[in-house]
């Protein structure tokens, strides 16, 4: 019912949104002599803010058309190399001629970046992808909005996610590298554990876990406490709704993206209110550059996707309530997941000092679980002064975190080359 009310509210606001758009065009027109008056700027700003607050935020574009390597621009083309109804495996293919001009003639490490399936689109990792592209062949998991998948395609749960990660790693050839950003950490560690136990030739050469809830019992955050204090039935009763028409997935039961977005925003409601008030003031003052930065951030932040009922509820149950992986009790397709069987996959964990979603120690817990790894194949790093998003995006990621990941990947490759020699 809530999903239907949400959709009804969107369509009910359409006439007012159209009126606001017309008003915005009128008060911004160069033919309007009153556009630069205080009244004109105020009416333009109010119309623009209303139109943006009530519009549908679609999936943002990647806008990764070029990367600079050794000071030279190199063109980038995005290709889908493998897919299921639930994900597209994207390859950010760098132009070979551009690479050669930049002096990169040897093959560079292949990295699979596993994007979170937790409300936002994979494009949230645009900055992460740009950083990795300077030194790697980059592949990214682009997860599908569950409301766009017809019921005939069946379900998708936490264990399907593990299978998908394993299949995508196999698609990339022998010993690629994998980087898990936030939520996929437990699934990636589980997939790597199973591949290591099987001696799979496609098992990753290294695994970077960034701000991941490997053991959510450590340094619990507000998000962790909510999962622990509410009974499982509460999530099933209050967070799951059926997709209404006209979406292709009509009838599918999902955890709607707009519900998760409301939860995200409620954690910092005053900050978001202040940001929109500041945006209104910037428009009224004619500060277009600052206003554009606001729009760029919220175009991404307010664009969300739905999760399937089974994936969301299993994640709550197995990762955040029963903590099956760190307790050694996670079972996948009838097999117990044994991280201690990993002996030749480098492990790097990265945490943010001020992370309010995955607290300090939750990601580092992977080192204790991977007891079969020699110290030379392990590394841990805590970035001072950053929160959750700063672990994989922004200036400090680019200048302080990414260089460590790059060096670890190179070090792991060198160690395996030495061993094989």
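Descriptive notes on the structure:
- Residues satisfying the stated conditions in the range 369-407, i.e. out of contact with any helix residue (DSSP H, G or I) (no Cβ under 9 Å at 6 or more places or on another chain) and farther than 22 Å from residue 132 by Cα: 374, 375
- Single match in 195, 207 (criterion: modelled with pLDDT of 80 or more, assigned to a helix (DSSP H, G or I) and not assigned by TED's automatic domain parsing to the domain that holds residue 46): 195
- Candidates 24, 75, 17, 41, filtered to the one that is touching a strand residue (DSSP E or B) at 6+ places or on another chain (Cβ under 7 Å) and more than 30 Å from residue 151 (Cα to Cα): 75
- Subset of the range 214-237 that is closer than 11 Å to residue 316 by Cβ and not in a helix (DSSP H, G or I) - its residue that is modelled with the highest pLDDT: 216
- Unique match (being crowded, with 22+ Cβ neighbours inside 10 Å, modelled with pLDDT of 95 or more and either more than 24 Å from the chain's Cα centre (by Cα) or assigned to a helix (DSSP H, G or I) (or both)) among 188, 178: 188
- Residue that is closer than 23 Å to residue 239 by Cβ and either assigned to a helix (DSSP H, G or I) or in the same structural domain as residue 27 (by TED's automatic domain parsing) (or both), where the choices are 312, 279, 298: 312
- Single unsatisfied condition, residue 323 versus (1) over 22 Å from residue 381 (Cα atoms); (2) not in a loop (DSSP other than H, G, I, E, B): (2)
- Hits in the range 68-85 (condition: surrounded by fewer than 16 Cβ atoms within 10 Å (Cβ to Cβ) and part of a strand (DSSP E or B)): 68, 72, 73, 75, 77, 79, 80, 81, 83
- Remark: residue 292 falls outside the filter, which requires a residue to be in a helix (DSSP H, G or I), in contact (Cβ under 8 Å) with a residue 24 or more places away in the chain and either closer than 23 Å to residue 123 by Cα or over 23 Å from the mean Cα position of the chain (by Cα) (or both).
- Some residue of the range 99-106 being within 27 Å of residue 159 (Cβ to Cβ) and in contact with a strand residue (DSSP E or B) (Cβ under 7 Å, 6 or more places away or on another chain): no
- The set of residues in the range 238-267 that are at negative phi and in a loop (DSSP other than H, G, I, E, B) comprises 239, 240, 243, 244, 245, 246, 247, 248, 249, 250, 252, 256.
- Some residue of the range 52-67 being modelled with pLDDT of 80 or more and assigned to a strand (DSSP E or B): yes
- The range 98-147 - residue that is without any contact (Cβ under 8 Å) to a residue 40 or more places away in the chain and outside any helix (DSSP H, G or I) and, of those, nearest to the chain's Cα centre (by Cα): 108
- Only listed residue being surrounded by 20 or more Cβ atoms within 10 Å (Cβ to Cβ) and farther than 30 Å from residue 239 by Cβ, chosen from 307, 348, 330: 348
- Meets criteria (farther than 17 Å from residue 214 by Cβ, out of contact with any strand residue (DSSP E or B) (no Cβ under 8 Å at 6 or more places or on another chain) and at pLDDT 95 or above) for residue 322: no
- Residue in the range 42-53 that is in contact (Cβ under 8 Å) with a residue 40 or more places away in the chain and more than 22 Å from residue 302 (Cβ to Cβ) present: yes
The values are calculated or read from the model by the stated rules, or taken from the named source; none is laboratory data. Because the structure is predicted, anything quoted here is derived from the model rather than measured. As a convention, Cβ positions derive from the backbone with ideal geometry for all residues, glycine included, and neighbour counts pool all protein chains shown.
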